[in-house]
1. I need the peptides 287-293, 137-143, 320-326 ranked by packing, meaning the mean over residues of other C-beta atoms within 10 angstrom, with the highest value on top.
2. Would you list which aspartates and glutamates come within 19 Å of Lys67, measuring only between C-alpha atoms, while excluding same-chain residues fewer than 8 positions from it?
3. Which FRET efficiency value, to the nearest 0.05, do you get for Lys291 and Lys35 by plugging their Cβ-Cβ distance into 1/(1 + (r/R0)^6) with R0 = 25 Å?
4. Out of residues 5 or more away from Gln300 or on other chains, whose amide H comes under 5 Å of its own, with H placed 1.01 Å from N in the peptide plane?
5. How much length is gained on full extension from Arg228 to Thr200, taking 0.36 nm per residue of separation minus their Cα-Cα distance?
6. Compute the distance in nm between two label points, each set 7 Å from the Cα along the Cα-to-Cβ direction, one at Glu140 and one at Glu284.
7. Full extension from Arg160 to Glu114: what is 0.36 nm times the residue separation minus their Cα-Cα distance, to one decimal in nm?
8. Provide, for q = 0.11, 0.18, 0.23 Å⁻¹, the log10 of I(q)/I(0) from a solvent-free Debye sum over equal Cα point scatterers in the range 62-174.
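Derivation of every value follows stated rules applied to the coordinates shown; laboratory data play no part. Remember, it's a predicted structure, so these values are computed and weren't measured experimentally. Cβ placement follows ideal geometry from the backbone for every residue including glycine, while neighbour counts extend to all protein chains displayed.
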Amino acid sequence: MNKIAVNIFGLAFIVIFSMSCVSGKKYSSLQDTSKQFMNERDAFKTGNIGLEMQNKEYAEKLATMEKEMASVKKDISAAQSSRDKAVDNFNKISGKYNELQNAQEDLVKGNVKETQKLLTELQAAQENLQKKEDLLHQLEQTLDTKKASLDELTFELEKRNARLAELEKILDAQKKMVQELKNKVSEALLGFENNGLTVTNKNGKVYVSLDEKLLFKSASYDIDVNGRNALKKLAGVLEKNSDIQVMIEGYTDNVPYNPGAGQLKDNWDLSVKRATTVVRVLLEGSKIDPKRLTASGRSQYLPVDDSNSAEARQKNRRTEIILTPDLTELYQLINKY
């Protein structure tokens, strides 16, 4: 993924807190920029899926070409067999022709009728021999054409194999890098996993999911001490892996948010506010480049559990931190071809 300057999301908090002090035009501009980066994030997600599909397509094309090569090889073998038979027949007819010529010379002075018969046989043998020669020539031309087709298919197959191998090499390197990143994150957050925090590897990315109970009190966007400690440990990993892009997404349940006299209006505002609060904690006292971080709110519309039970609502109230490796090298290779 190209590194994109996304520190505009860090300004989201100021925009929301200072809404009454910022002009409507500037607020609209910030919203447009936020939407642009979210679209770019979705495009990169779609691009990653497209790459996996393209890799599958190359594998299918490779299998088709291998079947075509097997068919061509079979045709060549049949043509070679036909040519060998034609050569054998040609040699037999040539021998008989020579025998008839010798017999003709012996019978020139003998029976004229017998001589005429031999001449007729000789002429028929000559015609048959010519047909065999023509067939042999045709088979040799067919064989040359099949060989040329085989050489072309072989060359194209080698090119595709080389490209497929290079793609697989980069994809394997990406998977290895993501797995190593997951291991580092799991090690740093060892004391928090299964206590409101999970670390998973999915779609070439590392997902750190934090339950509401680990970070926030109900209907609040203030992070408690335990959640702050977990985020600080994660920030230490992000500092050491500067090529990783970070997306923080806030989620709520489907219970309407009751803001009272506060500035937040609904679950959208609450989910965004929680995401920007996590961003601030990650940046607080760290050397993480703010350009690497993106904050977004998803409100109640992407639940992990669609049932309307209290347990389901608790699962849906979460914050997800998505870590994405740099895919520049992979995209450059795809564009090369």
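1. Ranking the peptides 287-293, 137-143, 320-326 by packing returns 320-326, 287-293, 137-143.
2. Output for Lys67: Glu57, Asp75, Asp151, Glu152, Glu156, Glu158.
3. FRET efficiency, Lys291 to Lys35: 0.90.
4. Thr252
5. 8.0 nm is the gain from fully extending Arg228 to Thr200.
6. Output for this residue pair reads 8.8 nm.
7. Working: separation 46, 0.36 × 46 = 16.56 nm, distance 6.82 nm.
Extra length available between Arg160 and Glu114 comes to 9.7 nm.
8. Calculated log10 I(q)/I(0) at the listed q: -0.59, -0.91, -1.13.
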